[in-house]
Amino acid sequence: MKRVFSGVQPTGNIHLGNYLGALKQFVELQDDHECIYCIVDEHAITVPQDPKALREHILDVAALYLAVGVDPKKSIVFVQSDVPGHAELGWVLTCQSYTGELSRMTQFKDKSKNKESAPTGLFTYPVLMAADILLYDTDIVPVGNDQKQHIELCRDIATRVNNKYKKTFVIPEGRYLKEGARIMALDDPTKKMSKSAENIHSRISLLDDPAKIKKSIMKATTDSDGVVKFDVENKPGISNLLNIYSVLSGISVEDLEAKYEGKGYGDFKKDLVEVTVEALAPIRSRYEEIRHSEELIEILKDGAQRADAIAQKTMARVKDHFGLGLGR
Ligand code: TYM
């Protein structure tokens, strides 16, 4: 069985983009893959975090994993900082990466823009991400499009180590969905939907209630010609909504275009509200059931143990190939 690894940062506002780009894939893959899903709290501290809120968000994301359908009987679910191998391998890989390649990462450029100085962790963020993936001999990494550059860097670093030392790492592949890979902001379809945007109507959070979902969709930016047609370049707003509708309903974009031919955006949006509310309702109720349960903590503890067992084997191999430690 091929191995799958992915992670989500523990911040609030997990949204439809995270769900359709990544979490939905997590669930699809777990029946015929060995899946490991992580809550990457060490990545979260590359920007300032309130410690109390961070702890809460770790559990929020863990509960959301389960609420969307990740099954702890099939998949390993755990918190990154509970497995020391991530930080340990992160350092080893930091020594194998170049400042030049890290400077080219668009996410770093965006996050450090207009800042006089940025935390080093923000700069080496993609190296820690490479460590997450390589620690588990991962074959497949289900993510949204925005992570493509980081996955490519991970492959480069792994190949570099394999060529320089004994073959140490499996070279992973990113897995991106056709329609969900890049969900755009509802208020500005030229930007991706993000957890941190100020306007709450720019995104639909997975835990939004029906009234909020309705308001955000009905307010979503479209264009003035009123034709429901997929054309990202000229009609980015309606194209984004078509993507969302398609992934949530399982109806192809072409069939949706046919269904709404001759109808205006109003009808289309009303139906999209219904489809979205219906898709998110079971997630919200399952989340409420599990979020404050002892079961959630037990699942994360058990997951950390299982993940750590795999990680320790990889670290022993890495140390052996690099000549680190005493070797016994
Ligand atoms: P994060 O927490 O920002 O996002 C979690 C996942 O959601 C995807 N995503 C989107 N997909 C479609 N449309 C969007 N608008 C959208 N916004 C976010 C992201 O691509 C991601 O899959 N660096 C990662 C976390 C990470 C990781 C890893 C992922 C750390 N280590 C190892 C995979 C493997 C991140 O910041 O994701």
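The values are calculated or read from the model by the stated rules, or taken from the named source; none is laboratory data. Because the structure is predicted, anything quoted here is derived from the model rather than measured. Please note: Cβ atoms are built from the backbone with ideal geometry, for glycine as well, and neighbour counts cover all protein chains shown.
Listing for the model above:
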{"item": "Check on L186, touching a residue at least 40 places away in the same chain (Cβ under 8 Å) and within 28 Å of M315 (Cα to Cα)", "result": "no"}
{"item": "Out of D208, D156, sole residue that is among the charged types (D, E, K, R), modelled with pLDDT of 95 or more and surrounded by 21 or more Cβ atoms within 10 Å (Cβ to Cβ)", "result": "D208"}
{"item": "Single residue of the range 26-40 satisfying the filter (under 13 Å from the mean Cα position of the chain (by Cα) and of a type outside the set (A, V, I, L, M)) that is surrounded by the most Cβ atoms within 10 Å (Cβ to Cβ)", "result": "C38"}
{"item": "Lone qualifier among V253, V277, V273 - being in contact with a Phe, Trp or Tyr (Cβ under 6 Å, 6 or more places away or on another chain) and in contact (Cβ under 8 Å) with a residue 60 or more places away in the chain", "result": "V253"}
{"item": "Residue match in the range 136-150 (condition: under 18 Å from Q80 (Cα atoms), within 8 Å of the ligand (Cβ to nearest atom) and among the acidic types (D, E))", "result": "no"}
{"item": "Only one of D156, D137 that is over 21 Å from I39 (Cβ atoms), more than 14 Å from the chain's Cα centre (by Cα) and in contact (Cβ under 8 Å) with a residue 12 or more places away in the chain", "result": "D156"}
{"item": "Subset of the range 247-265 that is in contact with a Gly (Cβ under 9 Å, 6 or more places away or on another chain) and part of a helix (DSSP H, G or I) - its residue that is farthest from G69 (Cα to Cα)", "result": "Y265"}
{"item": "Selection within the range 178-196 - more than 10 Å from the ligand (Cβ to nearest atom) and either under 17 Å from I213 (Cβ atoms) or loosely packed, with under 15 Cβ neighbours inside 10 Å (or both)", "result": "K178, L186, D187, T190"}
{"item": "Failed condition for I238, given (1) assigned to a loop (DSSP other than H, G, I, E, B); (2) β-branched (V, I, T); (3) surrounded by 17 or more Cβ atoms within 10 Å (Cβ to Cβ)", "result": "(1)"}
{"item": "Options A118, A158: the member that is within 18 Å of V92 (Cα to Cα), touching a helix residue (DSSP H, G or I) at 6+ places or on another chain (Cβ under 7 Å), away from the ligand (no atom under 11 Å from the Cβ) and small (G, A, S)", "result": "A158"}
{"item": "Pick from the range 108-137, criterion closer than 30 Å to R306 by Cβ and not hydrophobic (A, V, I, L, M, F, W, C), ranking: surrounded by the fewest Cβ atoms within 10 Å (Cβ to Cβ)", "result": "G121"}
{"item": "Count of the range 12-52 residues which are without any contact (Cβ under 8 Å) to a residue 40 or more places away in the chain and hydrophobic (A, V, I, L, M, F, W, C)", "result": "1"}
{"item": "Single match in I58, I45 (criterion: surrounded by 19 or more Cβ atoms within 10 Å (Cβ to Cβ), modelled with pLDDT of 95 or more and β-branched (V, I, T))", "result": "I58"}
{"item": "Selected residue [modelled with pLDDT of 95 or more and touching a strand residue (DSSP E or B) at 6+ places or on another chain (Cβ under 8 Å)] from S81, S75", "result": "S75"}
{"item": "Restricting the range 317-328 to residues that are loosely packed, with under 14 Cβ neighbours inside 10 Å and out of contact with any helix residue (DSSP H, G or I) (no Cβ under 8 Å at 6 or more places or on another chain), the residue that is modelled with the lowest pLDDT", "result": "R328"}
